[in-house]
1. Can you tell me which of ILE164, ILE169 is in contact (Cβ under 8 Å) with a residue 12 or more places away in the chain, more than 24 Å from the chain's Cα centre (by Cα) and not in a helix (DSSP H, G or I)?
2. If you check ILE190 against the conditions, is it at negative phi, of a type outside the set (S, T, N, Q), open to solvent by 20 Å² or more (accessible area, probe 1.4 Å) and not in a helix (DSSP H, G or I)?
3. Pick from ILE93, ILE154: which is open to solvent by 40 Å² or more (accessible area, probe 1.4 Å), modelled with pLDDT of 90 or more, part of a helix (DSSP H, G or I) and not polar (S, T, N, Q)?
4. State which residue pairs qualify: first residue open to solvent by 70 Å² or more (accessible area, probe 1.4 Å) and inside the range 51-65, second residue among the aliphatic types (A, V, I, L, M) and outside any helix (DSSP H, G or I) in any location, beta carbons under 7 Å apart, and separation of 6 or more residues or different chains.
5. From VAL126, VAL116, VAL99, grab the single residue that is within 25 Å of the chain's Cα centre (by Cα) and either closer than 27 Å to ILE34 by Cα or in contact (Cβ under 8 Å) with a residue 24 or more places away in the chain (or both).
6. All but one of (1) at positive phi; (2) not in a loop (DSSP other than H, G, I, E, B) hold for GLY137; which doesn't?
7. If I go through the range 66-77 residue by residue, how many of them are in a helix (DSSP H, G or I) and open to solvent by 20 Å² or more (accessible area, probe 1.4 Å)?
Amino acid sequence: MSRPVQTVPPDPEIPISLVRRLASSSLFLGFVSIASVALLWQFAVSIFPIPSYLLPSPTEIGSSMVSQFAFQWKHALVTLREILIGFGIAVAIGIPMAVAITFVPVVQKLFYPILVATQAVPKVAVAPLFLVWFGFGETPKFAMAALIAVFPIIIDTAVGLRAIDPDMIRLAKSMRAGSLKTFWKVRLPIALPNIFAGLKMAMTFAVIGAVVGEFVAGTSGLGYLIQSATGNMQTTVAFASIVLLSLIGIALFYIVEAFERIFLPWHHSMERLY
């Protein structure tokens, strides 16, 4: 006679751990917070007599996004291109500038006050000047997005390059490593968490810069659509454009964070210990 096959009961700790990990994930908690705000919003506009042209309900906004998705997505692609190009310009300028500020004291003394002054000036006041300098089209939007996004890249990169233990530098010199090799093997890897922190901030700032540029001199894009819909009292369309713009910003932020996890797996593994 064949012996009966004994089945091993599933470990109850496995699904519990998966549920705990899902419940503590940032994406899940973020979704719960957004859903809670949407439910409270829907409840408030249903209870209180608030006209839809002042504050449309989330269901009306969602309906507008679905019915006008092709139209809004066409404008979203314009804004997305402005964000990515402005962000790329900011990275191309910000990281070399941070390296120069860190290693060349004269550069820091010359350009650091100018950099701080450019951030103290309201960007809405500078946007018309960009229109005069660069003309109509997408170039002023690229410049505005880059201007706003470059500051956190420079600051965080410079802080990361300077936040190094002097003993690490002395150890590299004792192993006959030159300045360039010390930079690539010691300074840059240690500075990468700060650099990616600046890149994540810069990506969200690039979204703001692109929209500010579209407010001033836009003929397309989500910023132009928001301004046009608000002027025509189409509040639902304006809110739908704002929601779509927020989704684009969130997606771009998490894309940068995904690259951070790829290039810095050791950094996130240390974060999980705390």
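The values are calculated or read from the model by the stated rules, or taken from the named source; none is laboratory data. Since we're looking at a predicted model, the values are computed, not measured. Backbone-built Cβ (ideal geometry, glycine too); neighbour counts: all protein chains shown. For accessibility, only protein heavy atoms count, side chains too; no ligands or nucleic acids. Shrake-Rupley method; radii C 1.70, N 1.55, O 1.52, S 1.80 Å.
1. Every option except ILE164 fails the conditions.
2. no
3. It is ILE93.
4. From residues that are open to solvent by 70 Å² or more (accessible area, probe 1.4 Å), the pairs are TYR53/MET233.
5. VAL99
6. GLY137 satisfies all of (1) at positive phi; (2) not in a loop (DSSP other than H, G, I, E, B) except (2).
7. Residues meeting the conditions: 8.
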